[in-house]
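Enquirer: One structure, pasted below without further comment.
The values are calculated or read from the model by the stated rules, or taken from the named source; none is laboratory data. None of these values were measured; they are calculated from a predicted model. FYI the Cβ positions are ideal-geometry reconstructions off the backbone, even for glycines, and counts take in every protein chain you see. Quick note on the areas: whole protein, heavy atoms, side chains included, nothing else; ligands and nucleic acids left out. Shrake-Rupley method; radii C 1.70, N 1.55, O 1.52, S 1.80 Å.
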Amino acid sequence: MARRPTVSILMNCLNGEPYLREAIESVFAQTYQDWEIIFWDDASTDESAKIAKSYGKKVHYFRGLGGMPLGYSRNCALEKVRGHRVAILDCDDQWRSTHLASFCGRLPITPYRGLLTQSNSLLLETASVRRYGGWNPTLRYAEMYDLCLRLSQHHQPIWQSLETASVRIHPGQVFGKGHAAATTEVLQVMRPHHWHGGWRQGLREGLLWGKYGWQRLTHP
């Protein structure tokens with residue numbers, strides 16, 4: 001039986017061709033090399049499949065039926081994971097070469113602050129993600145926020161103030177446009193967790209509630 005890698009990197013893709021090579025190559029450039037990529041293609045119609053398959057055996061390519069919520073597709077990718085930990089890399093983002101080395105080889109780490117009140121990179125324990133149900137398969141936009149809120153009820157998150165990833169902002173991002181559907185999902189996810197994180201977290205989430213409520217009104 002093949003040895004399990006330390007980290008499985010989930011890349012969920014839907015027509016990610018414009019930035020995909022840069023994202024994958026940022027993984028191959030890592031100083032920490034004990035990883036695999038689980039590439040879940042949500043039936044892309046561009047050159048995403050060809051690009052992903054061109055990187056050899058460390059990229060495990062799988063193709064879905066298409067049209068499914070991102071939470072569902074992330075769970076499909078999770079089923080293929082062999083690593084002890086799970087990292088998430090969107091197909092339009094990049095990691096700096098020390099990204100994985102900053103987290104691996106230490107205590108189990110889930111690096112986020114204020115339960116995703118700002119952009120963060122996540123490294124999750126595979127067993128914990130599976131134990132607590134993975135991603136909500138009905139969510140298209142707030143699936144990661146929902147998972148982190150649920151995990152925080154069982155594990156103490158650890159925050160590391162390290163700038164080892166670059167998030168690309170571009171017009172093609174669905175969530176970044178402030179669509180009403182995305183806002184509705186965030187509010188839906190926040191509602192049952194509002195006071196679980198103490199008054200500081202309650203304040204942060206209250207501010208987010210106001211922010212997303214305003215976006216909902218201004219981006220119908």
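Enquirer: So, in region 28-59, of the ones that are touching a strand residue (DSSP E or B) at 6+ places or on another chain (Cβ under 7 Å) and hydroxyl-bearing (S, T, Y), which residue ends up surrounded by the fewest Cβ atoms within 10 Å (Cβ to Cβ)?
Expert: Among them, the one singled out is S44.
Enquirer: Does S73 qualify as being touching an Asp or Glu at 6+ places or on another chain (Cβ under 7 Å), buried (at least 21 other Cβ atoms within 10 Å of the Cβ), outside any helix (DSSP H, G or I) and touching a residue at least 60 places away in the same chain (Cβ under 8 Å)?
Expert: Taking the combined requirement at face value, the residue does not satisfy it.
Enquirer: Answer yes or no as to whether L89 is in contact (Cβ under 8 Å) with a residue 12 or more places away in the chain, touching a Ser or Thr at 6+ places or on another chain (Cβ under 7 Å) and open to solvent by less than 10 Å² (accessible area, probe 1.4 Å).
Expert: no
Enquirer: Follow-up. Which one of T45, T31 is β-branched (V, I, T), touching a residue at least 40 places away in the same chain (Cβ under 8 Å) and over 18 Å from W135 (Cα atoms)?
Expert: T31
Enquirer: Quick one: is A101 modelled with pLDDT under 95 and part of a strand (DSSP E or B)?
Expert: no
Enquirer: Considering only residues that are touching a strand residue (DSSP E or B) at 6+ places or on another chain (Cβ under 8 Å) and of a type in the set (A, V, I, L, M, F, W, C), look in region 60-70 and name the one that is surrounded by the most Cβ atoms within 10 Å (Cβ to Cβ).
Expert: Only one residue tops the list, namely L70.
Enquirer: Here's a follow-up. Do we find a residue being open to solvent by 30 Å² or more (accessible area, probe 1.4 Å), in a strand (DSSP E or B) and either of a type outside the set (D, E) or at pLDDT below 95 (or both) anywhere in region 4-15?
Expert: So far as region 4-15 goes, no, none of its residues is open to solvent by 30 Å² or more (accessible area, probe 1.4 Å), in a strand (DSSP E or B) and either of a type outside the set (D, E) or at pLDDT below 95 (or both).
Enquirer: Within region 164-176, identify whether any single residue is at pLDDT 60 or above, closer than 18 Å to P69 by Cα and crowded, with 18+ Cβ neighbours inside 10 Å, and answer yes or no.
Expert: Checked against the condition, which is being at pLDDT 60 or above, closer than 18 Å to P69 by Cα and crowded, with 18+ Cβ neighbours inside 10 Å, region 164-176 yields no hits at all.
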